[in-house]
Amino acid sequence: MKKLLLLVTAFALSLGSACAQNAKLQTLMPTQQLVQKNLNGASARKALGQKKVELGENQLLMGAYLTDEVAEADAGVGLTSFPGTVSIAQFLPVEAIQVYEGGSVVKVRVGLANAASISRVFMNTIDSEGNISATPLFEEVVKSNQAGWSEFELTNPATLDFTGLYGILLGFDYVQTSDAQSYGSYPISSVEASPGYPVYAYGNFGSGLAWYDIGLQNLSIQAFVENENFEKVNIMLNSFTLDKKYYQAGGKANYSMDLFNFGTGKSESYKVEIALDGNLVDNVEGTEISSMETKQVSNEIALPEDLALGMHTLTAKVVEVNGEAIAEPQTSEASFFAYEESKPRQKNLIEQFTSQNCTFCPRGITLFSDLMEQRDDIAWVSVHGYMNGNDSFTTEESQAIINYCGVKAYPSATYNRSFVPDLAEANEIAYGLGYNMNYRTQIVAMLSEVIDETATAPSFVTLNIAQEYNPTTRRLVATVDGEGVSNAANVLNGQGLFVYITENGVVARQLNEGKWVNNFTHHYALRKVLTNVTGDNIEWDGDNFSQQYTYDVPESYVAENLQIVAFVAPIVNAETPDLMNMAVNNCETANVETSTTGITYQSSDATETVSYNLNGVQLAAPQQGVNIVRMANGQVKKVVIK
């Protein structure tokens with residue numbers, strides 16, 4: 001999916017209220033865009049061919065990533081709407097750079113996708129309260145105008161003391177041009193790496209001078225840090241991951257890890273142990289890893305046929321380097337869930353985060369409308385939140401969902417509440433929709449691939465929604481039945497039931513590309529959460545459940561335009577949500593039927609008197625399929641028996 005993703009991605013520029021340069025970093029609602037230049041449809045971001053950086057015997061590189069990779073010319077990014085000198089910087093948290101404590105920054109190198117005039121390199125500190133220093137730790141006036149890497153010696157090396165700091169900003173000044181058709185207007189290089197750290201720019205982007213989160217991760221800038229006390233060889237586990245969260249017992253589990261040498265010299269040998277629930281299952285042995293080099297290792301292990309149902313942990317630890325045992329090995333772990341059987345996925349939940357006051361939010365509506373025309377397995381919920389004024393669709397429930405889903409910007413969306421590595425390298429599940437609509441067709445295709453990617457996880461319950469609506473009292477009774485796999489209560493332990501009511505086709509005002517539209521049509525707006533907003537406990541009866549909810553539909557809502565959305569997902573801790581473990585297990589929808597011949601749920605205060613098939617033939621008893629049923633109260637209903 002990355003190939004298509006790179007073609008269409010346009011990053012959202014987060015803007016906020018005016019603040020001084022020493023204000024805290026902020027991630028606010030987007031009102032502008034960055035544009036990614038990709039005239040030739042580049043499919044990857046690759047190095048431009050510079051030789052590997054040369055380091056002194058006592059030097060290490062510091063940055064968000066430590067390879068020589070630089071974005072190709074047609075994958076560069078620029079702030080074309082804001083020409084002039086721009087300060088741009090990489091944020092690095094102290095916990096990620098602690099190894100450099102006490103070292104001296106002696107040189108900085110900057111990588112550009114396209115040539116641009118660089119005039120300064122600098123580093124600002126950020127204190128424990130999040131305040132950015134008004135005076136840089138260092139700054140150096142420089143001069144360069146070339147693509148690829150440029151290195152700049154510091155006249156006065158700066159010693160790194162992280163005491164009391166939250167992080168740093170390592171950056172440079174460059175001249176941004178506005179010619180949208182020129183490669184030179186897209187000089188910024190951003191390279192994918194894990195975990196990924198945000199990039200900020202300083203300037204007046206419409207709301208006063210401030211540092212703004214521009215939606216990028218991993219700016220191509222690195223510092224040369226010198227310290228006589230750096231270790232000669234220091235093999236570290238940079239990452240350890242599994243390709244899935246769920247595996248069947250007796251199947252294969254694929255793991256991968258990045259081994260990084262944080263030392264100043266080359267290793268001769270290393271050994272890594274892999275354990276399943278504390279029991280050794282694999283050994284990884286290798287030889288050379290050069291200073292500041294990453295070696296990627298992947299392998300698979302066979303899972304036992306009798307592996308117990310539930311959570312398991314795979315661990316990796318470097319136990320030996322250059323023939324010497326590590327006294328206190330660094331351990332990394334990855335967890336997975338072992339299962340025996342699964343159910344078909346029914347619908348895929350999209351929660352769109354939007355606002356009537358968000359000028360670019362209709363782009364998301366357009367994209368999802370196109371998607372709904374192509375697929376019949378989408379449950380679309382538009383969750384409105386506050387932004388620069390009131391929103392007539394916003395409720396305490398919708399705002400709570402926005403808060404615990406970690407929404408950073410409008411428009412954005414979750415897809416089955418799943419983490420999608422191709423969209424972000426951070427721990428987030430709400431992804432921006434501020435795309436360049438010139439690529440509308442490609443974006444819809446990409447989003448369809450995103451949904452398919454999130455739907456690969458197994459489902460352990462099938463949902464059915466039955467409902468009865470009384471047009472006189474306007475009372476809706478919705479019953480959600482679940483048919484789980486064997487031992488479902490254990491398999492879905494910690495997961496709950498969520499039931500939403502949405503309304504489609506609501507005509508109301510909307511800000512759209514800078515203009516107010518008074519008769520804008522809103523789709524699938526969230527109106528009510530029938531369960532707890534963080535999910536209800538499932539009341540299992542063996543491997544099944546049946547839970548009923550009532551809702552008195554307000555007079556202002558059009559009942560026939562309402563839809564019931566039910567899904568099973570982990571119950572949310574609203575105060576400290578675990579965004580990496582909120583994925584929807586299964587989802588189903590049902591349109592509210594307002595006519596007496598609609599498919600309805602038989603309530604307990606009505607009894608059947610006689611049943612007919614669709615040809616009008618009276619039945620001795622209801623049969624599988626569609627039945628026309630006359631009730632004792634005279635009402636005629638269409639009942640489906642599965």
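The values are calculated or read from the model by the stated rules, or taken from the named source; none is laboratory data. The structure presented is a predicted model; accordingly, all values stated were derived computationally and were not measured. With ideal geometry, Cβ positions are generated from the backbone for all residues, glycine too; neighbour counts draw on all protein chains shown. Accessible surface areas use protein heavy atoms only, side chains included; no ligands, DNA or RNA. Shrake-Rupley method; radii C 1.70, N 1.55, O 1.52, S 1.80 Å.
Of note:
- Listed by first and then second residue, the pairs linking a residue in the range 588-600 that is at pLDDT below 95 to a residue that is part of a strand (DSSP E or B) and open to solvent by 60 Å² or more (accessible area, probe 1.4 Å), with Cβ atoms under 6 Å apart and 6 or more places separating them unless they lie on different chains, are Glu593/Ile599; Thr597/Lys638; Ile599/Lys638; Ile599/Val640.
- Test for Met292: is it at positive phi, part of a loop (DSSP other than H, G, I, E, B) and open to solvent by less than 30 Å² (accessible area, probe 1.4 Å): yes
- Conditions (1) under 30 Å from Gly310 (Cβ atoms); (2) open to solvent by 60 Å² or more (accessible area, probe 1.4 Å): number failed by Asn470: (1)
- Evaluation of Glu373 against (1) farther than 20 Å from Asn504 by Cα; (2) free of Cβ contacts under 8 Å to residues at least 60 places away in the same chain (one fails), failing number: (1)
- Residue among Tyr255, Tyr247, Tyr270 that alone is closer than 30 Å to Glu69 by Cα, touching a Phe, Trp or Tyr at 6+ places or on another chain (Cβ under 8 Å) and surrounded by 15 or more Cβ atoms within 10 Å (Cβ to Cβ): Tyr255
- Count of the range 376-385 residues which are touching a residue at least 24 places away in the same chain (Cβ under 8 Å), more than 15 Å from Ser412 (Cβ to Cβ) and in a loop (DSSP other than H, G, I, E, B): 1
- Of all the numbered requirements in (1) open to solvent by less than 80 Å² (accessible area, probe 1.4 Å); (2) among the polar types (S, T, N, Q); (3) in contact with a Leu (Cβ under 8 Å, 6 or more places away or on another chain), Gln146 misses one, and that requirement is (1).
- Yes/no for Glu513 being surrounded by fewer than 23 Cβ atoms within 10 Å (Cβ to Cβ) and either among the polar types (S, T, N, Q) or within 30 Å of Pro344 (Cβ to Cβ) (or both): no
- Conditions (1) surrounded by fewer than 16 Cβ atoms within 10 Å (Cβ to Cβ); (2) in contact with a Ser or Thr (Cβ under 7 Å, 6 or more places away or on another chain): number failed by His522: (1)
- Scanning the range 409-444 for residues that are of a type in the set (S, T, N, Q), under 22 Å from Val77 (Cα atoms) and buried (at least 21 other Cβ atoms within 10 Å of the Cβ) returns a single hit, Ser412.
- The C-beta contact set for the range 387-398 (first residue closer than 15 Å to Tyr524 by Cα and open to solvent by 10 Å² or more (accessible area, probe 1.4 Å), second residue modelled with pLDDT of 85 or more and of a type in the set (Phe, Trp, Tyr), distance under 7 angstrom, 6+ apart or interchain) comprises Thr394/Tyr386.
- None of Val199, Val191 is out of contact with any strand residue (DSSP E or B) (no Cβ under 6 Å at 6 or more places or on another chain), of a type in the set (Val, Ile, Thr) and open to solvent by less than 10 Å² (accessible area, probe 1.4 Å) except Val191.
- In the set Ser335, Ser369, only one residue is touching a His at 6+ places or on another chain (Cβ under 8 Å) and assigned to a helix (DSSP H, G or I); that residue is Ser369.
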